[in-house]
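Enquirer: Got a structure here, written out as structure tokens. Questions coming.
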Amino acid sequence: MKKLTVNVDKGYDILIEKGITAHCGEYISKISKAKKVCIISDTNVFPLYGESVKVSLKASGFDVYEYIFTAGESSKKPAEIIKMVEFMAENEFTRSDIAVALGGGVVGDMAGFAAAIYLRGIDFVQIPTSLLAQVDSSVGGKTAVDLPQGKNLCGAFHQPALVVIDPDVLSTLPPHYFSDGMGEVIKYGCIKSASLFDAVQNRDAHEYIEDVIYECVDIKRGVVERDEKEAGERALLNFGHTAGHAIEKLHNFTGISHGEAVGIGMVMISKAGESAGITEPGTADKIASVLKKYNLKTEDENSLSDIISAMAFDKKSTDSGINFIVLSKIGSSFIKPVATAGIKKLFGVEA
Ligand code: NAD
């Protein structure tokens, strides 16, 4: 088993092992004195892995409850969170009881948010089942739901008590979502690790996915330890996200996935960085080539000026402008604050 520890205020372990889902109860019982466990999962994942998780939790002495909601981003709403916390209240969950998120990033973000607010905070465990959730969203404690005004606008920082990653469950993940997760893997390579970037470019990530997951999670662990609440370095994880979110918004969050949009955003900002002389020439082409390898998009049909306009209301924007994440070269990134008046110029569009 591979193990990492996230040394934040309330530190926690990340366990990575093939087949660990079926033994999760054993590990959860080591970190929790809960009597009751609420498995929170979606309609795709629960039928595949819910039973083995339940069996393992029961074998470890927990009373097991399950809250299953319709799979997909469209469920990621405040109303669904209220139903979750009401479900726990109806079943008399106490502050020492625990929630287990079994699913992709949507399940993890929602179960984490419900755990953050139920009784002003109970523990929760992440069992991420999509590649995106395994390499990124299950670690770091960002939890949220979407509002009509934008994605992830209502949430809380709430670190999990344990993260249990089973690379075997990726065998049932639709290929489209594998590609999506690779968008985040490529992002980690871009911002922090040229060797990870080169490895996924030169080899098929499927062949050594456990190592890929470990390396990404290790990068995220370090960033979160140094900057738990995103006051500085953690913003690097948003590379490609400002343009990516704008693109998702222009598509009304349908027809384009998060990973695809972020991929396009990474190419866009790198091209802009090259033109501005702050990014090594050829970087955008290198990123585009690895994105294509994993069936991700590299450009969007919306015009550059429409994408820039849609960036205006972004969580990362400030009154004076936007903090863009820019690469100096593959594996090395920095934060570049750009005043509102300078944004069009950065992307080569005249104001
Ligand atoms: P998702 O949770 O919707 O999962 C994608 C699809 O795959 C769903 O249909 C799901 O049911 C299915 N699925 C998941 N695991 C499966 C498996 N093993 N076998 C078969 N089907 C499986 O979406 P996602 O791509 O995992 O995550 C996207 C979400 O994560 C977004 O809401 C995004 O905002 C959020 N996110 C959060 C963070 C964070 O730090 N909290 C970071 C990045 C993204």
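Enquirer: Report yes if some residue within segment 223-232 is part of a helix (DSSP H, G or I), open to solvent by less than 30 Å² (accessible area, probe 1.4 Å), near the ligand (Cβ under 10 Å from one of its atoms) and not acidic (Asp, Glu); otherwise report no.
Expert: Yes; the residues of segment 223-232 include at least one that is part of a helix (DSSP H, G or I), open to solvent by less than 30 Å² (accessible area, probe 1.4 Å), near the ligand (Cβ under 10 Å from one of its atoms) and not acidic (Asp, Glu).
Enquirer: Is it the case that segment 186-193 has a residue that's in contact (Cβ under 8 Å) with a residue 40 or more places away in the chain, more than 10 Å from the ligand (Cβ to nearest atom), of a type in the set (Val, Ile, Thr) and more than 28 Å from GLY331 (Cβ to Cβ)?
Expert: no
Conditions (1) more than 16 Å from the ligand (Cβ to nearest atom); (2) part of a strand (DSSP E or B), marked per residue:
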position: ILE39; (1), (2): no, yes
position: PHE46; (1), (2): no, no
position: LEU57; (1), (2): yes, no
position: TYR67; (1), (2): no, yes
position: VAL85; (1), (2): yes, no
position: MET110; (1), (2): no, no
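Enquirer: For segment 95-124, give me the residue count where each residue is under 13 Å from the mean Cα position of the chain (by Cα) and open to solvent by less than 10 Å² (accessible area, probe 1.4 Å).
Expert: Qualifying residue count, segment 95-124: 5.
Enquirer: Another question, if that's okay. Which members of segment 54-75 meet the condition of being surrounded by 13 or more Cβ atoms within 10 Å (Cβ to Cβ), closer than 22 Å to VAL164 by Cα and within 22 Å of the chain's Cα centre (by Cα)?
Expert: Matches in segment 54-75: TYR67, ILE68, PHE69, ALA71.
Yes/no matrix, rows are residues, columns are (1) at pLDDT 95 or above; (2) small (Gly, Ala, Ser); (3) open to solvent by 40 Å² or more (accessible area, probe 1.4 Å):
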residue	(1), (2), (3)
ALA276	no, yes, yes
ALA288	yes, yes, no
PHE313	no, no, yes
GLU350	no, no, yes
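Enquirer: Follow-up question, since we're still on this one. Would you be able to tell me the number of residues in segment 116-136 that are farther than 22 Å from TYR214 by Cβ, more than 13 Å from the ligand (Cβ to nearest atom) and of a type outside the set (Ser, Thr, Tyr)?
Expert: Final tally of qualifying residues: 6.
Enquirer: Quick one: in segment 76-93, which of the residues that are acidic (Asp, Glu) and closer than 30 Å to GLY150 by Cβ is farthest from the chain's Cα centre (by Cα)?
Expert: Once the filter is applied, the top-ranked residue is GLU86.
Enquirer: Hey, could you check segment 179-193 for residues that are in a helix (DSSP H, G or I) and small (Gly, Ala, Ser) and say which is nearest to VAL262 (Cα to Cα)?
Expert: Per the stated criteria, the residue is GLY183.
Enquirer: Select from segment 94-108 the residues that are away from the ligand (no atom under 16 Å from the Cβ) and either part of a helix (DSSP H, G or I) or touching a Phe, Trp or Tyr at 6+ places or on another chain (Cβ under 7 Å) (or both) and list them in ascending order.
Expert: Across segment 94-108, the qualifying residue is only ILE98.
Enquirer: Has segment 125-141 got at least one residue that is touching a Gly at 6+ places or on another chain (Cβ under 8 Å), farther than 23 Å from THR43 by Cβ, touching a residue at least 12 places away in the same chain (Cβ under 8 Å) and surrounded by fewer than 24 Cβ atoms within 10 Å (Cβ to Cβ)?
Expert: Yes: one or more hits.
Enquirer: Hey, among THR298, THR254, THR279, which residue is within 16 Å of the ligand (Cβ to nearest atom) and of a type in the set (S, T, N, Q)?
Expert: Of THR298, THR254, THR279, the one residue that is within 16 Å of the ligand (Cβ to nearest atom) and of a type in the set (S, T, N, Q) is THR254.
Enquirer: I need the full set of residues from segment 322-347 which are assigned to a strand (DSSP E or B) and not hydrophobic (A, V, I, L, M, F, W, C), in order please.
Expert: ASN323, SER328, LYS329, SER332, SER333, LYS336, PRO337
The values are calculated or read from the model by the stated rules, or taken from the named source; none is laboratory data. Keep in mind that what you see is a predicted model, and the values were worked out from it rather than measured. Cβ: placed from backbone, ideal geometry, glycine included. Neighbour counts: every protein chain shown. Ligands, DNA and RNA are excluded from the accessible area calculation, which covers all protein heavy atoms including side chains. Shrake-Rupley method; radii C 1.70, N 1.55, O 1.52, S 1.80 Å.
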